[in-house]
Amino acid sequence: MKVIERLQLYFSEKKMSLNSVDKSLNMGGGYFGKQIKNNASIGSDVLQKIILSYPDLNLVWLMTGQGDMILTANELAEAKIRVNSKLVEKSNDDLIEILQTQVKYQAYMIDKLKQQVIRLGETPVTDIANK
């Protein structure tokens, strides 16, 4: 059984129409209906939306058919903790990247300002401090 077929089972179990699923995931034009009709694969970007939107869906079951379709309350709590810790890690990595970019930009601007000071015939402040 393919992932799309297991998704259809999950949506059916949850009594969700394919149109409501499309809307909940901001997918247009009967996406899931077309995928099911064509027995097509689901892309990683769509899987990511599904994972974030339906946290009780057991990903092991979805990908392999092993285990239960729906996570128990304890499994769901553990999964939320794992997802939240990954989001925090990603947020920290993004923040570090932004700050590094800002530092590079500020260093660039400092060099430009030093060049302007030199062109004006002044001694840059950092050069005075080193004398």
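The values are calculated or read from the model by the stated rules, or taken from the named source; none is laboratory data. Here the structure is a predicted model, which is why all the values come from computation and not from measurement.
Points to keep in mind about this one:
- Qualifying residue in region 52-61 (condition: modelled with pLDDT under 90 and among the charged types (D, E, K, R)): yes
- Test: residue in region 75-94 that is more than 21 Å from the chain's Cα centre (by Cα), of a type outside the set (D, E, K, R) and farther than 23 Å from residue 2 by Cα: no
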